[in-house]
1. Select from segment 2-30 the residues that are modelled with pLDDT of 90 or more and surrounded by fewer than 20 Cβ atoms within 10 Å (Cβ to Cβ) and list them in ascending order.
2. Identify the residue in segment 92-105 that is touching a helix residue (DSSP H, G or I) at 6+ places or on another chain (Cβ under 7 Å) and either free of Cβ contacts under 8 Å to residues at least 12 places away in the same chain or within 24 Å of residue 136 (Cα to Cα) (or both) and, among all such residues, is surrounded by the most Cβ atoms within 10 Å (Cβ to Cβ).
3. Condition first: surrounded by fewer than 20 Cβ atoms within 10 Å (Cβ to Cβ), in contact with a strand residue (DSSP E or B) (Cβ under 6 Å, 6 or more places away or on another chain) and within 30 Å of residue 158 (Cα to Cα). Can you find one or more residues in segment 52-71 that meet it?
4. Among the residues of segment 249-268, how many are assigned to a helix (DSSP H, G or I) and at pLDDT 80 or above?
5. For residue 229, all conditions in the list (1) surrounded by 13 or more Cβ atoms within 10 Å (Cβ to Cβ); (2) at pLDDT 80 or above; (3) more than 24 Å from the chain's Cα centre (by Cα) hold save one; what is the number of the exception?
6. Within the group 106, 165, which residue is more than 17 Å from residue 26 (Cβ to Cβ), touching a strand residue (DSSP E or B) at 6+ places or on another chain (Cβ under 9 Å) and modelled with pLDDT of 95 or more?
């Protein structure tokens, strides 16, 4: 069973929220259904939107609201659920509802690429996102900034591609980076734009598959070989070692698997240092 953005009740509520209906959660749900679910092997149900009252036991639930995780308390009535969080800090906030895991936010890079334009054709700076985000107490934007908001995804991406820099967080920030547009911070919770790293939906599906297997089928799991094992050494015993060649998203996912806390401001080197310290 899949409960997503096409559910009749979700669509009814979606139509009455004005310009805020063109949000990351709605479009992420579309990409989850198109690019992630078909690539993941599981017998669990899928819930890709926040639709109170419409859930199921033994489900995978995507958490979209990191500022107000209490909006998901309705999930407490369901058993054996896996909560997928796009920000590490949200994992602990919803862990009491089920098995919470961190999966870096991802985008459909092929779709975004069609809006990319040459660097010399970009100019100006704008805020990109939902209107509600720029009015939050955490938002710090300069006066007179232009707003790109309240439009379908295609129009938003086309407008953002023409900017030299944008104030953005979450998937908007990741899409901006894929377009070659500089990302500027405006939300006090995410002071370092490097927290947003480009990750394709297909790569996110691979990470999610591994984490689900660790939960539901630990007997299947084997550590991947990162280097050629020594003669007589079992490849299953060879541990994959994180390096600076890994993306920040991969390092955060690895650290989370090891129970290591990662903060939004941590650089790749800082994350590697924490991993090495934990092993010492």
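The values are calculated or read from the model by the stated rules, or taken from the named source; none is laboratory data. Since this is a predicted model, take the numbers as computed values, not measurements. All Cβ positions, even for glycine, are placed from backbone atoms using ideal geometry, and neighbour counts span all protein chains on display.
1. Across segment 2-30, the qualifying residues are 2, 30.
2. Among them, the one singled out is 104.
3. no
4. Summing the residues that are assigned to a helix (DSSP H, G or I) and at pLDDT 80 or above in segment 249-268 gives 8.
5. (2)
6. 165
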